[in-house]
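Please see the structure below; I have some questions.
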Amino acid sequence: MAMGVAVETGWSLGRGGCDMITRRQFLKGTIVAGTGAVVLPRMSWSAALAASQTPMSAGTIPQFVDPLPDLDVIVAGSSRIELRMREFMAQVLPTGLPKTSVWGYLQPGQHRRASYLGPVIVATRGVPTEIKWVNELGTARRTNLVAWTHATDQTIHWADPLHDEANVCAEAVEPSQPPTGYCARNYSGPVPAVAHLHGGEVPSVLDGGPDAWFTSDGKYVGHAFYSGDGLTPRNYSIFRYPNVQESAPVWFHDHALGLTRLNVYAGLAGAYLITDPPNDPPNLPPLTPLVIQDRMFDTAGQLFFPAGVPYIPNPEHPYWVPEFIGDTVAVNGKVWPYLEVERKRYRFLFLNGSNARGYELFLTNEVTKADGPAMWQIATDGGYLDTPVKIDPKASRGALQRLLLLPGERAEVIVDFGQLVPGTRLLLRNIAKAPFPGGEAPDGRTTGRIMELRVVPSTGADTTYDPASGAPLRAPMVRLVDPAAGALAPGVTVQVTRQLTLNEVLGPPSEVDGVSYPGGPLEILVNNTEYPGSPRPDFTPITTGGKTTYYSELPHEGATEIWEIVNLTADAHPIHLHLVQFQPMNRQSFDVPKYSEVYAKAFPGGTDPMTGQSYPPGVYIPGFGPPLDYQTGNQLAVGGNPDITPFLKGPVKPPAPNEAGWKDTVVAPPGDVTRIVVRWAPTDLPAATDPGSASYPFDPDGGHGYVWHCHIIDHEDNEMMRPTSVRSNTVERTYRQGVDY
Ligand SMILES: [Cu+2]
């Protein structure tokens, strides 16, 4: 196949041969050219509803019937932990309503569990934890999770075990035709899965990234698969996590390519607490994890996921929806639970494990409607803050009133119930619009409620750490950022500044079965680049397991980088980097229309060889990558985008006090440049450490590297992700691949 070349720049728009081509890429030029509605035949779209799921009305579900489930806790020691991904029935809905088929990580001998969620693994810094992750999820054909099967979409770039990512459908149809054959159908083969330790500082082979999946039958694996025992393929991975980072509330969840949204929705998530007893704050109250996830159910009590007619915003992806926004809220795998709290201090780990929904959380008296008590945040994604930060719904405007968490984010808080009368009932409320921040307000009777807290008498005096004392939680953290100033901390030198865009690619209006649909997102991108990238002279091809990926983010170990994330879309995106914890520096508004105009003008034009669609210079090309040369196109920052500086508006906004610490996931609001400082090194090395010696105990340079992506997992599943590969320092390491992991 001839490669189209944009003569002006010499850049190829080729995508590396047909094995890399998805149907979406095939169609893109046609769609952007606006050839009109894509009308789909009646055939399989009605078949998509063969499951005949009728959504259950969230308003009919009784609330606060069951207590918050206790999650299984595993204190990690020297022996191997085995977790088997299995399907079972759990009482997710309140007692009295049907049980729900779910997936979870079970221990050997365990055939079911009260909650799909978990377990909670408690690890100790410096003591490696070996986990054997086993996929026993069977096949899509036999699963009882019809919501999973009926939302699988073979037109997106996904694991695709049986077709080896060949995307047969893309070659089988004309660009202007609707998907046919296997592409039009849901998946029915063995279920791919892989566990990722979110927030974990681990070697790349243990990262459990999107291409490290393996199927339940042990026959198919992604090109980054790592069995851990030298055998391949297998239906397991043995990952020996080094636990070398500072203590942090990290978590694990599924990360399979193009299936993450469904595997996590089915239940594959748990918590992983890295503790560091000599350095952790003494005398904290015991920890209660609160993992918040929105869900939908059908009238039989089974998980429901909007997919297929009439939910499709673009028929090119017949089952993928841009954001799953559920109408019920589960905490620790239980819909609208209650928790009895004594009149004392409690420590909660809030974890947003939802697909796309954000939460703005606060407590309020259920009867008097009076707001409070306050929460004191003591830890972020990456560890303890220096001192507690008060989040008080009674605070004046402009102060921190609510805890905002987008998907992937965590916050450890202390709440003091000591002043409350026994019998008091508190509501944990949510007022975040979905999608955040400009979407629909939550329903005050359903999604505006998370759980109920019932105050009961105390059984003894409370001698735990009192956050109101303001006593330090830790020895001061290493600061890359001066959060009060919203600027670099004194003495920090930056080796690289990147300006990277967030882009949404819209499709045309369409018509299915006589019904018209507005054009919705076709795919969502970081830096206008699809996950595997395309061959360009400014991208670096790296081939692993027979697959070539085109990298643009190739940081040096030990280097300090500023990432300026330029959000050109209408929604906030929680941007997550694997391997590192970083520090938010500031946010600043910019003139979106004016910048977008200059941005579009910078595209060089060219012909897409797969669609034949040609773009004149000065027109935005979806999925092209950045318009300019990644390294040299912008004198002030790499990334290949026109400089954002002339379009900035207003002052820099420092990070909120409760995000002024180590984070692995940051909220990038629409219309803002969000600046973070990323040092590709452990968090506890002094800020002045020479980059050449700021090193991990393991070699971070591994075959397939890591990824960075949006943690709205529906976005991540449709291209809002890019690979990273870390160029390692030449130093002696404590951990050696093949010996220690
Ligand atoms: Cu996103």
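The values are calculated or read from the model by the stated rules, or taken from the named source; none is laboratory data. Just so we're clear, the structure is a prediction, and the values are computed from it rather than from any experiment. Ideal geometry is used to build each Cβ from the backbone, glycine not excepted, and the neighbour counts take in all protein chains shown. We work out accessible area using only protein heavy atoms, side chains counted, and drop any ligands, DNA or RNA first. Shrake-Rupley method; radii C 1.70, N 1.55, O 1.52, S 1.80 Å.
Working only within the stretch 712-741, note down all residues that are of a type in the set (A, V, I, L, M, F, W, C), touching a strand residue (DSSP E or B) at 6+ places or on another chain (Cβ under 8 Å) and within 16 Å of the ligand (Cβ to nearest atom). Spell out the reasoning first.
Our first condition is that a residue be of a type in the set (A, V, I, L, M, F, W, C); within the stretch 712-741, this holds for 712-713, 720-721, 726, 731, 739.
With the extra rule that they be touching a strand residue (DSSP E or B) at 6+ places or on another chain (Cβ under 8 Å), the set shrinks to 712, 720-721, 726.
Selection gives 712, 720, 721.
Quickly run through the stretch 117-144 and pick out the residues that are touching a Gly at 6+ places or on another chain (Cβ under 7 Å) and under 26 Å from residue 160 (Cβ atoms).
Once the filter is applied, which keeps residues that are touching a Gly at 6+ places or on another chain (Cβ under 7 Å) and under 26 Å from residue 160 (Cβ atoms), the stretch 117-144 yields 139, 140.
So, in the stretch 509-521, of the ones that are open to solvent by 40 Å² or more (accessible area, probe 1.4 Å) and closer than 25 Å to residue 356 by Cβ, which residue ends up nearest to the ligand (Cβ to nearest atom)? Spell out how you get there, then give the answer.
To start, the set of residues in the stretch 509-521 that are open to solvent by 40 Å² or more (accessible area, probe 1.4 Å) comprises 509, 511, 513-516, 518.
Checking the rest, the ones that are also closer than 25 Å to residue 356 by Cβ come to 509, 515-516, 518.
Values: 509: 23, 515: 27, 516: 26, 518: 19 Å.
Ranking the candidates gives 518 first.
If you go through the stretch 598-625 one residue at a time, how many are under 23 Å from residue 497 (Cβ atoms), open to solvent by 30 Å² or more (accessible area, probe 1.4 Å) and within 31 Å of the chain's Cα centre (by Cα)?
Total satisfying the criteria: 1.
I would also like to ask the following. For residue 585, which of the numbered conditions (1) more than 21 Å from residue 624 (Cβ to Cβ); (2) within 16 Å of the ligand (Cβ to nearest atom); (3) open to solvent by 10 Å² or more (accessible area, probe 1.4 Å) fails to hold?
For residue 585, the failing item is (2).
Ok, one more. Tell me which of these residue 735 doesn't satisfy, since it passes every other one: (1) crowded, with 18+ Cβ neighbours inside 10 Å; (2) on the phi < 0 side of the Ramachandran plot.
(1)
Moving to a separate point now. Taking the conditions exactly as written (open to solvent by less than 50 Å² (accessible area, probe 1.4 Å) and more than 16 Å from the ligand (Cβ to nearest atom)), does residue 688 satisfy them or not? Outline the logic, then answer.
On the way: open to solvent by less than 50 Å² (accessible area, probe 1.4 Å): no; more than 16 Å from the ligand (Cβ to nearest atom): yes.
For residue 688, the condition - open to solvent by less than 50 Å² (accessible area, probe 1.4 Å) and more than 16 Å from the ligand (Cβ to nearest atom) - is not met.
Related question: Checking residue 646 against (1) open to solvent by 10 Å² or more (accessible area, probe 1.4 Å); (2) in a loop (DSSP other than H, G, I, E, B), only one condition comes out false. Which one?
Here residue 646 clears every test but (2).
Only one of (1) of a type in the set (D, E, K, R); (2) open to solvent by 20 Å² or more (accessible area, probe 1.4 Å); (3) more than 19 Å from residue 441 (Cα to Cα) is not met by residue 323, so which one is it?
Condition (3) is where residue 323 drops out.
Further question on the same structure: Is it the case, given these coordinates, that residue 524 is closer than 22 Å to residue 559 by Cβ and surrounded by 14 or more Cβ atoms within 10 Å (Cβ to Cβ)?
Taking the combined requirement at face value, the residue does not satisfy it.
If you take the residues of the stretch 335-365 that are closer than 17 Å to residue 63 by Cβ and part of a loop (DSSP other than H, G, I, E, B), which of them is farthest from the ligand (Cβ to nearest atom)?
Only one residue fits best here, namely 337.
Name the residue, out of 505, 481, 455, that is more than 25 Å from the chain's Cα centre (by Cα) and open to solvent by less than 40 Å² (accessible area, probe 1.4 Å).
It is 455.
So, one more: Would you point out the residue of the stretch 529-538, among those that are buried (at least 18 other Cβ atoms within 10 Å of the Cβ) and away from the ligand (no atom under 14 Å from the Cβ), that is farthest from residue 204 (Cα to Cα)?
This residue is 536.
Within the stretch 664-679, is there a residue that is within 16 Å of the ligand (Cβ to nearest atom), in contact with a strand residue (DSSP E or B) (Cβ under 8 Å, 6 or more places away or on another chain) and of a type in the set (Ser, Thr, Tyr)?
Yes, the conditions are met somewhere in the stretch 664-679.
Pull up the stretch 539-555, narrow it to residues that are within 30 Å of residue 478 (Cβ to Cβ) and assigned to a loop (DSSP other than H, G, I, E, B), then point me to the one that is nearest to the ligand (Cβ to nearest atom).
Ranking the qualifying residues of the stretch 539-555, first place goes to 552.
Here's something else I'd like to know. Is it the case that the stretch 556-579 has a residue that's within 16 Å of the ligand (Cβ to nearest atom), small (Gly, Ala, Ser) and touching a residue at least 40 places away in the same chain (Cβ under 8 Å)?
Yes, the conditions are met somewhere in the stretch 556-579.
Do we find a residue being of a type in the set (A, V, I, L, M), in a strand (DSSP E or B), open to solvent by less than 10 Å² (accessible area, probe 1.4 Å) and within 16 Å of the ligand (Cβ to nearest atom) anywhere in the stretch 693-711?
yes
Moving on. Among the residues in the stretch 642-651, are any at pLDDT 95 or above, within 25 Å of residue 406 (Cβ to Cβ) and of a type in the set (Gly, Ala, Ser)?
Yes - at least one qualifying residue is present in the stretch 642-651.
Here is a yes/no grid of residues against (1) in contact with a helix residue (DSSP H, G or I) (Cβ under 6 Å, 6 or more places away or on another chain); (2) modelled with pLDDT under 95:
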{"position": "74", "(1), (2)": "no, no"}
{"position": "77", "(1), (2)": "no, yes"}
{"position": "82", "(1), (2)": "no, no"}
{"position": "87", "(1), (2)": "no, no"}
{"position": "108", "(1), (2)": "no, no"}
{"position": "124", "(1), (2)": "no, no"}
{"position": "151", "(1), (2)": "yes, no"}
{"position": "157", "(1), (2)": "no, yes"}
{"position": "170", "(1), (2)": "yes, yes"}
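Please state which one of 53, 107 is in contact with an Asp or Glu (Cβ under 6 Å, 6 or more places away or on another chain) and more than 18 Å from residue 331 (Cβ to Cβ).
Values: 107 fails: in contact with an Asp or Glu (Cβ under 6 Å, 6 or more places away or on another chain).
Checking each option against the conditions leaves just 53.
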